[in-house]
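Visitor: First the structure, then my questions, so here it is.
The values are calculated or read from the model by the stated rules, or taken from the named source; none is laboratory data. Here the structure is a predicted model, which means the values were calculated and not measured. Note that each Cβ is placed from the backbone with ideal geometry, even for glycine, and that neighbours are counted across all protein chains shown. SASA here: full protein model, heavy atoms, side chains in, ligands and nucleic acids out. Shrake-Rupley method; radii C 1.70, N 1.55, O 1.52, S 1.80 Å.
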Amino acid sequence: MTCPHCQARLLRKERPGSTCSRCQRAFALDPTVHGRGMNDLRIRRRARQVTQDGRLKVTVTQFWYLTHTGNHYTAARLPSGKPRRYVWLLVAPVVVGIIAGTIALPLQPGLKWWLAAMACLFVCGMATKAQDSYTPARPAWASIEPSYASFRAMMRGRWTQVYGALPAGIVDDELYVAPARPAIVPRAALLCSDRAVVAFLSVNGLPRRLEMTVAPTVDELPADVPVVVLHDASAQGALLALETRATLPGRVVVDAGLSVRTARDRRLVRRLSEPSGVSSDSLRTAVGLPLTLADWLADGWWYPVAAVPPARLVTVVERAVERAVEQGRLVGDPQHRRAATTGFMTWPAAPGAADTKGRTTP
């Protein structure tokens, strides 16, 4: 690895105790200790990239998603073939039948036993082949390298010990305390339950700049303001905007959540939890997802909105809030309501068309 201080190329024996043998200065991360890709130069470079040279502040959780070195996952697999015990349970009576049938043949004893042995060897060979073709069931599985616990321990432990603080622009979302809400009437409200994303928006001053309130649940939303919904690409997230509209009838609700198609196309981090508890049929009928994606989300697969590049996330929230405020202004305009009632300046919806009004995706 390269020393982050003197830029010397160091072999493993030349960096005992995470200390450079050339300049005698300690460094935080060693790939042989902390895992592939975990070194000071890469972490600094990624911190500069995701924070745009300090123009943005990014949480540790976001930084973990944007710095991970591996995202491994595999779908569930059903068993195929016959397990070993069933194969040999079938073989045993076949072998007995072969021996008995061969003995009953009107042949010389030596020939009888030779034919019986050949038949038994053939049957056993076929059984062995059938046994080798068996593949057991395998549950779905996903992992991220390094794990969040390991990455946080590196940043809060070794990194802060060596450099005294987290990389420039990185904020610990688990320790971050949002400032008190300003005593103003908000223009809009943002519904988001992801703590890392809420901390990210707050530490970058978006609630104050956009004059919005951020709430983790529908019950904490202020009254009589448009609502922007920000969520993961998950089964619950796919239904969140619909549920919010049902809970707040007559309120403008803009869905700014991460769509599964967008996350998949951009190859964001893929995660797996317990089965979602949401049926595939609900996702297909309510959200209009195709069968494969609906089944996939229902099985517990999801993409975290915190993995969206920070600059892109800021842009999405800004656009969604402005759209919500504009829609709220139009809904509150008596002339616009009267025109909408008579059909003036409105387009008839196609029969059965899905309502995509206000849809914004990262």
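Visitor: Are there helices (runs of 4 or more DSSP H) fully within the stretch 252-346 with at least 1 residues that are of a type in the set (A, V, I, L, M, F, W, C), surrounded by 14 or more Cβ atoms within 10 Å (Cβ to Cβ) and at pLDDT below 90? List them.
Guide: Where helices (runs of 4 or more DSSP H) fall fully within the stretch 252-346 and carry at least 1 residues being of a type in the set (A, V, I, L, M, F, W, C), surrounded by 14 or more Cβ atoms within 10 Å (Cβ to Cβ) and at pLDDT below 90, they are 310-331, 334-342.
Visitor: If you check every pair at least six apart or on different chains, which have Cβ atoms under 7 Å apart with a residue in the stretch 137-154 that is at negative phi and assigned to a loop (DSSP other than H, G, I, E, B) first and a residue that is among the charged types (D, E, K, R) and open to solvent by 60 Å² or more (accessible area, probe 1.4 Å) second?
Guide: Partner pairs satisfying both residue conditions: Ala137/Arg77; Ala140/Asp299.
Visitor: Kindly establish whether Ala215 is under 19 Å from Thr59 (Cβ atoms) and either open to solvent by less than 30 Å² (accessible area, probe 1.4 Å) or within 24 Å of the chain's Cα centre (by Cα) (or both).
Guide: Yes, satisfied.
Residues checked against (1) hydroxyl-bearing (Ser, Thr, Tyr); (2) modelled with pLDDT of 95 or more; (3) part of a loop (DSSP other than H, G, I, E, B):
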residue: Ala183; (1), (2), (3): no, no, yes
residue: Leu190; (1), (2), (3): no, yes, no
residue: Val197; (1), (2), (3): no, yes, no
residue: Leu201; (1), (2), (3): no, yes, no
residue: Arg209; (1), (2), (3): no, no, no
residue: Asp219; (1), (2), (3): no, no, no
residue: Pro222; (1), (2), (3): no, no, yes
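Visitor: Among residues belonging to the stretch 137-147 that are open to solvent by 50 Å² or more (accessible area, probe 1.4 Å) and not small (Gly, Ala, Ser), point out the one that is farthest from Asp299 (Cα to Cα).
Guide: Residue satisfying both the conditions and the ranking: Glu145.
Visitor: If I go through the stretch 171-197 residue by residue, how many of them are closer than 25 Å to Ala233 by Cα and either open to solvent by less than 20 Å² (accessible area, probe 1.4 Å) or among the small types (Gly, Ala, Ser) (or both)?
Guide: Counting residues in the stretch 171-197 that are closer than 25 Å to Ala233 by Cα and either open to solvent by less than 20 Å² (accessible area, probe 1.4 Å) or among the small types (Gly, Ala, Ser) (or both) gives 10.
Visitor: Residues being more than 21 Å from Gly328 (Cβ to Cβ) and charged (D, E, K, R): count how many of those fall in the stretch 180-217.
Guide: Final tally of qualifying residues: 2.
Visitor: Got a sec? Which of His72, His34, His68 is modelled with pLDDT of 65 or more, surrounded by 15 or more Cβ atoms within 10 Å (Cβ to Cβ) and in contact with a Ser or Thr (Cβ under 9 Å, 6 or more places away or on another chain)?
Guide: His34
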